[in-house]
Amino acid sequence: MATAAFFQPQHFNLSGLQGISDETLEMHFKLYEGYVKETNSLMEKLDQLSQGKEMREEDRLTFGELTRRLGFEYNGMVLHEHYFGNLKREGGEPQRGSAFVAAVVRRFGSYEAWRTDFITIGKMRGVGWIICYQDPTRNRLSNHWVTLHEVGNIAGFKPILVMDVWEHAFLLDYKPEERAKYIDAFFSNIDWKTVEQRLIIAPANKA
Ligand SMILES: [Fe+2]
């Protein structure tokens, strides 16, 4: 069975963000690399156990436990790539005529209403993620809370904008009760062009 790494960590050039320090980012990149490493390690172990033949009872137990852990590590890797990928220096505001703004206006009535909904979810207690998803089959956007990395993701939905609200994302820059300040900083660093490019545009809506 192949033992080569399945994934390599991606690199993000994000120094100089507003309100999210380079120190925080360096620490956060290391945490992300840990998810990549652990995802590779779990996949390798699962491949070694899954040889296409009946497993011994003790191997089945190990296989099941590692498979459960894979959802945590794999989502941790992918969601961090989305998070870092939708940040940039001097992010600014989304273009009012963009497909993203048009989509949130259809669903929420206004960009401001969508933003308020997203931020309200972001202020919920607990650690996790706020994700604006697109339902590709109905071309509809909605905001969701994801506990840890794997509880609350909607099957088949596409992450469009992803915000990390685990405390490691902001504790070097803000106090635990200052999450709202981190969320403000996050919004001033959003790469709206990337957000726009993540949208799946139905052929009928492309013109
Ligand atoms: Fe994180």
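Of all residue pairs spaced 6 or more apart or on separate chains, those with beta-carbon atoms under 6 Å, a first member in segment 189-205 that is at pLDDT below 95 and a second member that is of a type outside the set (Val, Ile, Thr) and exposed (fewer than 14 other Cβ atoms within 10 Å of the Cβ) are Ile200/Pro136.
Applying the selection to segment 164-176, what residues are among the aliphatic types (A, V, I, L, M) and near the ligand (Cβ under 10 Å from one of its atoms)? Matches in segment 164-176: Val165, Ala169.
Note on segment 96-137: residues that are among the aliphatic types (A, V, I, L, M) and more than 21 Å from Trp166 (Cβ to Cβ) total 7.
Is one or more of the residues making up segment 25-32 surrounded by 12 or more Cβ atoms within 10 Å (Cβ to Cβ) and assigned to a loop (DSSP other than H, G, I, E, B)? Within segment 25-32, not a single residue is surrounded by 12 or more Cβ atoms within 10 Å (Cβ to Cβ) and assigned to a loop (DSSP other than H, G, I, E, B).
The values are calculated or read from the model by the stated rules, or taken from the named source; none is laboratory data. Source: prediction; values computed, not measured. Here Cβ is always computed from backbone atoms with ideal geometry, including for glycine, and neighbour counts include all displayed protein chains.
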